[in-house]
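Trainee: The following block contains the structure, expressed as C-alpha cells.
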C-alpha cells in the first residue's frame, strides 16, 4: 500500500495564497480563506502543494478499503484556471444544497467555480458548515 501524496505540510498558507496567480485567483483565495475560517473557526493548513484545508477526517479509499488516510474536512485551492472547493458535496445535505450555489461545475471529488462573484456566498457558507460537520472516522465498511 502506498502512502497518500496529499498530506498536511508546515508550509505557510499565507505565503501560498499571496503567490497565487492570476491576481483574481489570489483575491478570491484570500476571500475564501476568510469565509472558511469564519465558518469553521479553524486555522488553515496547506495540504500537499496547493490545497488549503480545514480540519481532517479519516477516510477509506473507495477502490481499496485497506487503504486509509487523512483528508481535509473542507478546503479549497486557488488554481490558475478556477477555484477548486473540497468536501462541499460529499454529504447528502451538501449534495442537496449544491444546486443553489450558483454557477459551478463538478469533478469527482470537488466543485469548481470560476470566480466568487458567480456564487451565493451565504449558500457557500452553509455548504462549508455542512462539510465541517463531517464525522471524524471512516464510513462503516
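The values are calculated or read from the model by the stated rules, or taken from the named source; none is laboratory data. All figures in this text were calculated on a predicted structure; none of them were measured in a lab. Note that we place each Cβ from the backbone using ideal geometry, even for glycine, and neighbour counts take in every protein chain shown.
Trainee: Might you check whether a residue that is in a helix (DSSP H, G or I), surrounded by fewer than 16 Cβ atoms within 10 Å (Cβ to Cβ) and out of contact with any helix residue (DSSP H, G or I) (no Cβ under 8 Å at 6 or more places or on another chain) occurs anywhere in region 121-139?
Mentor: Yes; the residues of region 121-139 include at least one that is in a helix (DSSP H, G or I), surrounded by fewer than 16 Cβ atoms within 10 Å (Cβ to Cβ) and out of contact with any helix residue (DSSP H, G or I) (no Cβ under 8 Å at 6 or more places or on another chain).
Trainee: Scan region 24-54 for residues that are buried (at least 18 other Cβ atoms within 10 Å of the Cβ) and either in a helix (DSSP H, G or I) or on the phi > 0 side of the Ramachandran plot (or both) and jot them down.
Mentor: Within region 24-54, 25, 28, 29, 32, 33, 36, 39, 40 meet the criteria.
Trainee: Is it the case, given these coordinates, that residue 109 is within 12 Å of the chain's Cα centre (by Cα), farther than 17 Å from residue 8 by Cβ, surrounded by fewer than 20 Cβ atoms within 10 Å (Cβ to Cβ) and modelled with pLDDT under 95?
Mentor: Against the criterion (within 12 Å of the chain's Cα centre (by Cα), farther than 17 Å from residue 8 by Cβ, surrounded by fewer than 20 Cβ atoms within 10 Å (Cβ to Cβ) and modelled with pLDDT under 95), residue 109 qualifies.
Trainee: Which residue, of 6, 21, is modelled with pLDDT under 95 and surrounded by 11 or more Cβ atoms within 10 Å (Cβ to Cβ)?
Mentor: Exactly one residue qualifies, and that residue is 6.
A quick yes/no check of all residues on (1) within 13 Å of the chain's Cα centre (by Cα); (2) modelled with pLDDT of 95 or more:
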| residue | (1), (2) |
| --- | --- |
| 41 | no, yes |
| 53 | yes, yes |
| 62 | no, no |
| 84 | yes, yes |
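Trainee: Something else now. Quick one: what pairs do we get from region 55-68, first residue surrounded by 14 or more Cβ atoms within 10 Å (Cβ to Cβ), second at pLDDT 70 or above and part of a loop (DSSP other than H, G, I, E, B), C-beta under 6 Å, 6+ apart or different chains?
Mentor: That search, which allows pairs on different chains as well, returns 55/42; 55/73; 56/72; 57/73; 57/134.
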